[in-house]
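Since the structure comes first, as structure tokens, the remarks are kept for the end.
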Amino acid sequence: MGIATATIKGFWNLILGLFTTGKYLPRKSVTLQYPDERWNMPERSRGVVVLLSDPQTGELNCNACQVCMKQCPVHAINVDQIKDPETKKRYPGNFTIDNTICCFCGICEEVCNFDAIKLTGKYEFSVFNKEELIYNKEKLQELGRDVKYTPRKKKKASDEDEKTEKKEAKPAEEKSETKTAGEKTESNPEEKDS
Amino acid sequence: MTKQEITEKFKTRFGPDLEVLETGQPETYLYISESRYHELCEFAKNDPDLDFDYLFNFGGAHYPEERFEIVLCLSSHEKRHNAIIKVKLDKDNPETVTISDVWEAANWFEREAMELFGIKFKNHPDPRPLLLVEDWDHGYPMRKGWTGPDFIPMPEE
Amino acid sequence: MESATYGKKLREEEFLINMGPQHPSTHGVLRLVLKMEGEFIRELTPHVGYLHRSIEKIAENRTYNQFMPFTDRIDYCASMPSNLAFAVAVEKLAEMEVPERAEYLRVIMVELNRIASHLIWLGTMSLDLGAVTPFLYAFREREWILDLFEMTCGQRLTYHYIRVGGVSRDIPPEFEKSCRAFIKSFRKKVDDYEAILTENPIFLSRTKGIGILPLDLAKDLGASGPTIRGSNYEWDIRKVEPYSVYNKFDFKIPTGKNGDVWDRYMVRIEEFRQSCNIVEQALDGLPESDTIRAKMKAVFRPPAGEVFSRIEAPRGEMGYYIVSAGDKKPYRVKIRTASYNNLQCLGPISIGLKIADLVAIFGSLDVILPEVDR
Amino acid sequence: MLEFDGLLLNIYNSLSLWFESLGVPLIWLDLLVMVFAGAVILGVIAVSVLFLVWWERKVSAHIQDRLGPMRTGKHGVLQTLADGIKLLQKEDIVPRVADKKVYFWAPVVCFVTAYMAYIVIPFGKGLIARDLNIGIFYIVAITSFTIISLLMAGWASNNKYALLGGMRSAAQIVSYEVPLTLAVIGAVMLAGSLSMVDIVKAQGPYFWRWYWLPQILGFGIYFVAATAEANRTPFDLPEAEQELVAGFNVEYSGMKFAMFFLAEFANMFTVSAIATTLFLGGWQPPLPGLSFIPSWIWFFGKTLFLVFVIMWFRWTYPRLRVDQLMGFAWKFLLPLAFANLFLTGLGVYFFG
């Protein structure tokens, strides 16, 4: 009798499998038709790195402290520091990010004290020539032109100069408060189940 | 067994060849002389109180001025205690015996240490390279001070 | 072509077959040299190292914080546990207190990542056995988990979320609702997977009694995680040496009976449910607090010394042995990964079986190659 | 209105009258008709395969909560055509160590056998290329040729994976041929004829009189064995993707690969069409009142339903192992098929 019950049980389970897959047959698809439809990137997305500019003046926030360059785990960032002899202000002479080796870890954004660098939700940056992936200052500024950000507290101007290494500390806490990853996030995932 | 008990157990058996390392860690740290290394491994595995049947981790380390080291992280499935056994090896010609006859798991670990550190394991059943490319000829990459193609050491400040 | 002479005995020979590095079912770049006699495997030699990136050497040339993104790449299907393993080791070394909220967040993320990792395993294993649909179903559910991760830390694969001393960011406000909804729907999905596979006679015949891993061998080879639990041994670091806040949660350690492919399958299926329980408990008990990362000096220098620590990653135990010279970068990092030892089980248990069984066994061991090669 | 039955016969009759009046021997007309039928069948195969490939992709996609091809044409209906054109353009690679002649002929043999089987399939009332009086016997004979082509492909590629795939397919198809034939015999005994048309006619237009009911066992055996014959999951061992990469056709590229692909889908259609003919009443409507719908629509509807079930199998089940596959054929299906044959014989003797 064992064989008969086993056969019937096996047969039943085969049918059950068919029903399970058949159940999904009439359901709505969960995929997106990519180039036509796109998903909203969450606020915190870590994509292409850009340089932020002051919305009023249009100048780069970066003062070439080189913290990001030193902290970058893959040495993808290269910054030249230029000091204006008159105003004593520092600014980046050349700022390149090598996107071929950038690992989008977000450390540069975290260590930056001046809201100068940010990882954005951009993810399409394929090119035909590898060299085009090395972004220079102009390109980074251009990309960061319309990126919205919440400026953090201004530091005392005197602080800024020596603050090369001391950053690191104020990493996450401040940011999570300022950036309320609100509306822009994923379309409600619950809908997918229906 | 507690840390003290494990240390005592090893000490009574190996006495002078053993050097206990005082660390703040909850695990036992021991140095054993190279000559009694294999014996200690067998003892650690077969002694019913110690019962280290699980070679959890095994690796080399290089201290260029002093020595090579191999480090065994042992664990016991039944007794649920751990110990770290370390062996000092000669700095110029690191050589020891294999323990893959004690724990089968040591086989690949030793192969790895062999090609990355250049530590020789006598009587190893299968001394082929494991991770590096077949025609690797740039020395032993995990040794301190090693340089090779495309290797960028961290900039010192 | 010369025709065979009549009456001449046909030549029989064992032949070598090179499975991988490019083969659909080697899950990456494993190369197996098989000595075959017809369909039977007589000898099996794994060749690894195609993904060797010398992460241990990289670690010696990076600060502790800089090395964190590299841990993502050790096991890229389960980056959160890889992060956690390193963070736990460094915290043990530096005797650091982690804020409780961060610990809870870590548990939530790691358990969600365990589900995601097991989903990849489920998909690829059923794909290896010829069932394509569970693969797509598994990735459908995994997508939701990745959405959760993305809204928290901004990445879908290499999270770099768990840091030394805590986590990088707090969860966004909508996380909890979405996460609970996911857990609720996922429990039903697990039943679906079971309906397709568990009792299916074809699946049973392919997995029951195949690739039996004896407990002695598993212990000797250092197998861990679901591989050793499938061989009927209750061994889970979350229970044995509770790290983080795992001692506060109530969960079971599923074990198999015989150690065959089916047992390892059932262990992981059951772990889906247990992980769901843990995530729900962690969400319930999530303490309200603003600190999610311990205060650290600007340049983090742990005291000189050495440390040994391990956690339960989805594939088994992931452990670190770190030697610190009191410098800002580690002196030596030895990474112990679960797949490294689990892969060694493949040879002994698949000799004498067929090539189709090898594929099933390899799928059930859930080996991921970047973890082996590091 | 949409029936071709009388129409084709009328055309043939008037043509034969015209040929007679011209004094041309009728053999030429028959030859002409044959060529015409051959061309039409080629068209049917091409269209049905194009459709089936698209349909398979759609079925799999929707089972898996996807959409499948969506770009070429509405819902991607032209996707297969685009793929076919792409395959046509592809470089035809022949491995240096391959046995060139055999390598070349294997896909041809494979496709020709699949093609030849279509000749005796009654697509509708009067829509049959050649109503052989040994129709079903002919099909059983012809489909066996597939083994040779797969074996040829596996051997000639000079690739170990391909060889394993070829050997597996030979073993598999030979084994499943036996229960398949025995299951077919059950229906043949009930109908008392080997002609496909006669078998259909013997079943009559009432769906409970079709042979699936008295031959429920035979139908099941036939369907399982046919799935194996068509190399479909759970019996797709010869091309087991995850074990043998692609099995016998691993070295094939371009149009040769397309021919194997074409043949696979053509075979799937053939086995479903035979199942429809033998067990589901062929072109006949389930009730006489429904005969206002043209017969070929009934035929294609039933066949496509069976094809859908085969596809459904594929996207649900894992694959069997090679020894289990053989064991299943010889230890389970074969005794069952004999039992079925015996019961049918008893039934025919007592009630027939």
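Provide a single number: the residues in region B:116-138 that are touching a Lys or Arg at 6+ places or on another chain (Cβ under 9 Å) and either without any contact (Cβ under 8 Å) to a residue 40 or more places away in the chain or not in a helix (DSSP H, G or I) (or both). I'd like the intermediate steps shown before the answer.
First pass over region B:116-138, keeping only residues touching a Lys or Arg at 6+ places or on another chain (Cβ under 9 Å): B:116-118, B:121, B:124, B:126-131.
So of that shortlist, the ones also either without any contact (Cβ under 8 Å) to a residue 40 or more places away in the chain or not in a helix (DSSP H, G or I) (or both) come out as B:118, B:121, B:124, B:126-131.
Total satisfying the criteria: 9.
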- Task: Take region D:84-101 and flag every residue that is surrounded by fewer than 18 Cβ atoms within 10 Å (Cβ to Cβ), within 14 Å of chain C (Cβ to nearest Cβ) and of a type in the set (A, V, I, L, M).
- Result: D:97
- Item | All positions within region D:3-25 that are assigned to a helix (DSSP H, G or I), open to solvent by less than 70 Å² (accessible area, probe 1.4 Å) and at pLDDT 75 or above | D:14, D:15, D:16, D:19
- Item | Pick from region D:169-202, criterion out of contact with any Leu (no Cβ under 9 Å at 6 or more places or on another chain), in a helix (DSSP H, G or I) and at pLDDT below 85, ranking: most open to solvent (accessible area, probe 1.4 Å) | D:201
- Query: Looking at region D:61-83, which of its residues are buried (at least 19 other Cβ atoms within 10 Å of the Cβ) and within 30 Å of residue D:122 (Cβ to Cβ)?
  - Reply: D:80
- Task: Kindly indicate whether any position in region D:281-295 is in a helix (DSSP H, G or I), touching a Lys or Arg at 6+ places or on another chain (Cβ under 9 Å) and not β-branched (Val, Ile, Thr).
- Result: yes
- For region A:92-107 the number of residues that are within 11 Å of chain C (Cβ to nearest Cβ) and of a type in the set (A, V, I, L, M, F, W, C) is 5
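Could you say which residue among D:306, D:217 is under 14 Å from the mean Cα position of the chain (by Cα) and in a helix (DSSP H, G or I)?
Values: D:217 fails: under 14 Å from the mean Cα position of the chain (by Cα).
Exactly one of D:306, D:217 is under 14 Å from the mean Cα position of the chain (by Cα) and in a helix (DSSP H, G or I), namely D:306.
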- Residues in region C:338-351: is at least one in contact with an Asp or Glu (Cβ under 9 Å, 6 or more places away or on another chain), open to solvent by less than 10 Å² (accessible area, probe 1.4 Å) and more than 26 Å from residue C:237 (Cα to Cα)? yes
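Taking residue B:22 as the residue in question, decide whether it is among the acidic types (Asp, Glu) and touching a residue at least 40 places away in the same chain (Cβ under 8 Å). Show your work before the answer.
Working: among the acidic types (Asp, Glu): yes; touching a residue at least 40 places away in the same chain (Cβ under 8 Å): no.
For residue B:22, the condition - among the acidic types (Asp, Glu) and touching a residue at least 40 places away in the same chain (Cβ under 8 Å) - is not met.
Here is a check on your reading of the model: is residue A:17 at the interface with another protein chain (Cβ under 7 Å from one of its Cβ atoms), under 28 Å from residue D:69 (Cα atoms) and surrounded by 12 or more Cβ atoms within 10 Å (Cβ to Cβ)? Don't jump to the end; show me each part of the working.
Numbers: at the interface with another protein chain (Cβ under 7 Å from one of its Cβ atoms): yes; under 28 Å from residue D:69 (Cα atoms): yes; surrounded by 12 or more Cβ atoms within 10 Å (Cβ to Cβ): yes.
Yes.
Pick from D:327, D:254, D:281, D:247: which is out of contact with any Asp or Glu (no Cβ under 6 Å at 6 or more places or on another chain) and at positive phi?
Sole residue among the options that is out of contact with any Asp or Glu (no Cβ under 6 Å at 6 or more places or on another chain) and at positive phi: D:281.
For residue B:107, indicate whether it is facing another protein chain (nearest Cβ under 10 Å), polar (S, T, N, Q) and open to solvent by 10 Å² or more (accessible area, probe 1.4 Å). Reasoning before the result, please.
Numbers: facing another protein chain (nearest Cβ under 10 Å): yes; polar (S, T, N, Q): yes; open to solvent by 10 Å² or more (accessible area, probe 1.4 Å): yes.
Yes.
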- Just checking, how many residues over region C:223-233 are open to solvent by 10 Å² or more (accessible area, probe 1.4 Å) and either within 10 Å of chain B (Cβ to nearest Cβ) or within 19 Å of residue C:337 (Cβ to Cβ) (or both)? 1
- Task: Give the residues of region B:87-101 that are buried (at least 20 other Cβ atoms within 10 Å of the Cβ) and either within 11 Å of chain C (Cβ to nearest Cβ) or of a type in the set (Asp, Glu) (or both), sorted by residue number.
- Result: B:100
- Restricting to strands (runs of 3 or more DSSP E) lying wholly in region C:1-110: which have 2 or more residues that are acidic (Asp, Glu)? none
- With respect to residue C:198, is the statement that it is of a type outside the set (D, E, K, R), within 25 Å of residue C:257 (Cα to Cα), in contact with a helix residue (DSSP H, G or I) (Cβ under 6 Å, 6 or more places away or on another chain) and more than 7 Å from chain A (Cβ to nearest Cβ) true? no
- Message: Being in a strand (DSSP E or B), within 11 Å of chain B (Cβ to nearest Cβ) and within 24 Å of residue A:70 (Cα to Cα) is the filter here; which residues of region C:299-339 pass it?
- Response: C:322, C:323, C:332, C:333
- Note on the structure: Scanning region C:52-67 residue by residue, those more than 9 Å from every other protein chain (Cβ to nearest Cβ) and open to solvent by 20 Å² or more (accessible area, probe 1.4 Å) turn out to be C:53
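Does residue C:358 count as crowded, with 24+ Cβ neighbours inside 10 Å and away from chain B (no Cβ under 13 Å)?
Values: crowded, with 24+ Cβ neighbours inside 10 Å: yes; away from chain B (no Cβ under 13 Å): yes.
Yes: the conditions hold for residue C:358.
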- Task: Inspect all residues belonging to region D:60-72 and state whether any of them is within 14 Å of chain C (Cβ to nearest Cβ), closer than 30 Å to residue A:37 by Cα, in contact with a Pro (Cβ under 8 Å, 6 or more places away or on another chain) and not aliphatic (A, V, I, L, M).
- Result: yes
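Specify the residue that is nearest to residue D:344 (Cα to Cα); the eligible residues are those in region D:203-214 that are assigned to a helix (DSSP H, G or I) and open to solvent by 40 Å² or more (accessible area, probe 1.4 Å). Walk me through how you get there before you give the answer.
First, pick out the residues of region D:203-214 that are assigned to a helix (DSSP H, G or I): D:203, D:207-209.
Within this subset, residues satisfying the condition of being open to solvent by 40 Å² or more (accessible area, probe 1.4 Å) are D:207-209.
Numbers: D:207: 19, D:208: 17, D:209: 15 Å.
Looking at the filtered set, the residue picked out is D:209.
Considering only residues of region C:21-35 that are farther than 14 Å from residue C:128 by Cα and not basic (Lys, Arg), which is most open to solvent (accessible area, probe 1.4 Å)?
Our first condition is that a residue be farther than 14 Å from residue C:128 by Cα; within region C:21-35, this holds for C:21-22, C:29-35.
When the remaining residues are screened for being not basic (Lys, Arg), the result is C:21-22, C:29-30, C:32-34.
On the way: C:21: 24, C:22: 158, C:29: 38, C:30: 0, C:32: 3, C:33: 30, C:34: 0 Å².
For region C:21-35, the residue satisfying everything is C:22.
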- Task: Considering each of D:161, D:138, D:115 in turn, give the residue that is modelled with pLDDT of 85 or more and open to solvent by 10 Å² or more (accessible area, probe 1.4 Å).
- Result: D:138
- Would you confirm whether any residue within region B:66-76 is loosely packed, with under 15 Cβ neighbours inside 10 Å and not basic (Lys, Arg)? yes
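The values are calculated or read from the model by the stated rules, or taken from the named source; none is laboratory data. Model, not experiment: these values are computed from the prediction. Quick reminder, even Gly has a Cβ in these numbers, built from the backbone with ideal geometry, and neighbours come from all protein chains shown. To get the accessible areas, we keep the full protein, side chains included, count just its heavy atoms, and leave off ligands, DNA and RNA. Shrake-Rupley method; radii C 1.70, N 1.55, O 1.52, S 1.80 Å.
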